[in-house]
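Engineer: Pasting a structure here, questions to come.
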Amino acid sequence: MALRDFALLVFVCLVWASNNIVSKIVVAHWGVPPLFYASVRFALVAACTVPWLFPAPRPLWRIVAVALLMGGGNFSLLFIGLKTASPSAASIVVQLGVPMTTIMSMLMLGEQVRWRRGLGMLLTLAGAVVVMWRPAGLSMSVGLWLIAAAAFAGSLGAVMMKQMEGVRPLQFQAWVGFSSLWPLLTLSAFTEHGQVATAAAAGWPFVAAVIFSAVVVSVLGHTLYYVLIQKYEATLISPLTLMTPLATIAMGVWITHDHFDARMAIGAALALLGVLIIALRPNHVMPLLMAIRNRAQ
């Protein structure tokens, strides 16, 4: 890989990791309602990518379903989960999306899993269990359950996306923004209170967070990622994106003061080793999944 392209990939991974920390600060520290934050984010994504909305991919119902799973469903669950879960723990638990996608690829796409990818799935699961373990037994906060649900939504969307052809990256972002905006706005209006006042109280930092999340993370970050994945083999790109959870853990400990002990270090090592094994034996949806997993940690 050329040094310039490697630097671009490092930049993308750091942007994705930073977004996890920014999202935690917005919903947990500033108290901005998560559905409102997600809806404003997707409104900006839709505004930036509206020129690529048409002609609509076919079948229309599938692109809408995929957009809702990988956009509104994924991010709403993620942001709600981050109200109580730390970015470090979330970045480990969300790795469950990789074996989830492998299993759904077997069921929906007829892919075969041999022993190496099976081992990777078991290691990833073991790592998540270690992170969830407490002295009194297995325990998982509501926030981490929601993070796992976000990983499932993104994984199902990635598999369904593989059943479509000819959807360009910016066209996909346009449909994610447009399809996710309306249901999230509706849900926020009926289930959340004081959205505008809370966002206004946060001031310009909230505006900067939305611009960063929508424009830098989604539009710029994912466009650069897809350029690289088209230029290099997935077995080279996908393992390198493991820089994202590692950077998320480091930033979480440094910026949001996440608790990170030996148990979590062991869990992270097991989970990331499992993901690495699966990434080195990629299935048909691995490049897309790695992008979804990294942006939604």
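Engineer: Would you point out the residue of region 237-264, among those that are at pLDDT below 75 and of a type in the set (Ser, Thr, Tyr), that is surrounded by the most Cβ atoms within 10 Å (Cβ to Cβ)?
Structural biologist: Our first condition is that a residue be at pLDDT below 75; within region 237-264, this holds for 237-241.
Then drop every residue that is not of a type in the set (Ser, Thr, Tyr), which leaves 238, 241.
On the way: 238: 25, 241: 22.
So, considering only residues that are at pLDDT below 75 and of a type in the set (Ser, Thr, Tyr), the one surrounded by the most Cβ atoms within 10 Å (Cβ to Cβ) is 238.
Engineer: Give me the residue from region 187-236 that is polar (S, T, N, Q) and closer than 20 Å to residue 170 by Cα and, out of that set, surrounded by the most Cβ atoms within 10 Å (Cβ to Cβ).
Structural biologist: 213
Engineer: Of all the residues that make up region 64-91, how many are under 12 Å from the mean Cα position of the chain (by Cα) and hydrophobic (A, V, I, L, M, F, W, C)?
Structural biologist: So the answer is 7.
Engineer: Also: Has region 238-250 got at least one residue that is touching a Leu at 6+ places or on another chain (Cβ under 9 Å), among the hydroxyl-bearing types (Ser, Thr, Tyr) and free of Cβ contacts under 8 Å to residues at least 60 places away in the same chain?
Structural biologist: Checked against the condition, which is being touching a Leu at 6+ places or on another chain (Cβ under 9 Å), among the hydroxyl-bearing types (Ser, Thr, Tyr) and free of Cβ contacts under 8 Å to residues at least 60 places away in the same chain, region 238-250 yields at least one hit.
Engineer: I need every pair where a residue in region 60-86 that is in a loop (DSSP other than H, G, I, E, B) has its Cβ under 8 Å from the Cβ of a residue that is surrounded by fewer than 20 Cβ atoms within 10 Å (Cβ to Cβ) and at pLDDT 90 or above, sequence separation at least 6 or different chains.
Structural biologist: Every condition considered, the pairs that remain are 82/28; 83/28; 84/28.
Engineer: Looking at 107, 123, which one is modelled with pLDDT of 75 or more and either assigned to a loop (DSSP other than H, G, I, E, B) or farther than 20 Å from residue 242 by Cβ (or both)?
Structural biologist: Result: 107 is the single residue among 107, 123 that is modelled with pLDDT of 75 or more and either assigned to a loop (DSSP other than H, G, I, E, B) or farther than 20 Å from residue 242 by Cβ (or both).
Engineer: Pairs please, first residue from region 194-207 and under 21 Å from residue 21 (Cα atoms) and in contact (Cβ under 8 Å) with a residue 24 or more places away in the chain, second anywhere and of a type outside the set (Val, Ile, Thr) and not in a helix (DSSP H, G or I), Cβ atoms under 6 Å, 6+ apart in sequence or on different chains.
Structural biologist: 195/33; 198/31; 202/30
Engineer: Out of curiosity, is residue 179 under 17 Å from the mean Cα position of the chain (by Cα), small (Gly, Ala, Ser) and buried (at least 19 other Cβ atoms within 10 Å of the Cβ)?
Structural biologist: Judged against the criteria, residue 179 is not a match.
Engineer: Among the helices (runs of 4 or more DSSP H) confined wholly to region 168-273, which include 2 or more residues that are in contact with a Gly (Cβ under 6 Å, 6 or more places away or on another chain)?
Structural biologist: In region 168-273, 169-191 are the helices (runs of 4 or more DSSP H) which contain 2 or more residues that are in contact with a Gly (Cβ under 6 Å, 6 or more places away or on another chain).
Engineer: Can I ask one more? What are the residue pairs meeting all of these: first residue in region 116-133, first residue of a type in the set (Phe, Trp, Tyr), second residue at pLDDT below 75 and outside any helix (DSSP H, G or I), Cβ atoms under 8 Å, and 6 or more apart or on different chains?
Structural biologist: 133/139
Engineer: Say whether the condition of being among the hydrophobic types (A, V, I, L, M, F, W, C), touching a Phe, Trp or Tyr at 6+ places or on another chain (Cβ under 9 Å), within 20 Å of residue 247 (Cα to Cα) and buried (at least 24 other Cβ atoms within 10 Å of the Cβ) is met by at least one residue in region 57-80.
Structural biologist: yes
Engineer: Further question: From 97, 154, which residue is within 23 Å of residue 273 (Cα to Cα), touching a Gly at 6+ places or on another chain (Cβ under 9 Å) and modelled with pLDDT under 80?
Structural biologist: Values: 154 fails: modelled with pLDDT under 80.
Exactly one of 97, 154 is within 23 Å of residue 273 (Cα to Cα), touching a Gly at 6+ places or on another chain (Cβ under 9 Å) and modelled with pLDDT under 80, namely 97.
The values are calculated or read from the model by the stated rules, or taken from the named source; none is laboratory data. This structure is a prediction, so every number in the text was calculated from the model and none was measured. With ideal geometry, Cβ positions are generated from the backbone for all residues, glycine too; neighbour counts draw on all protein chains shown.
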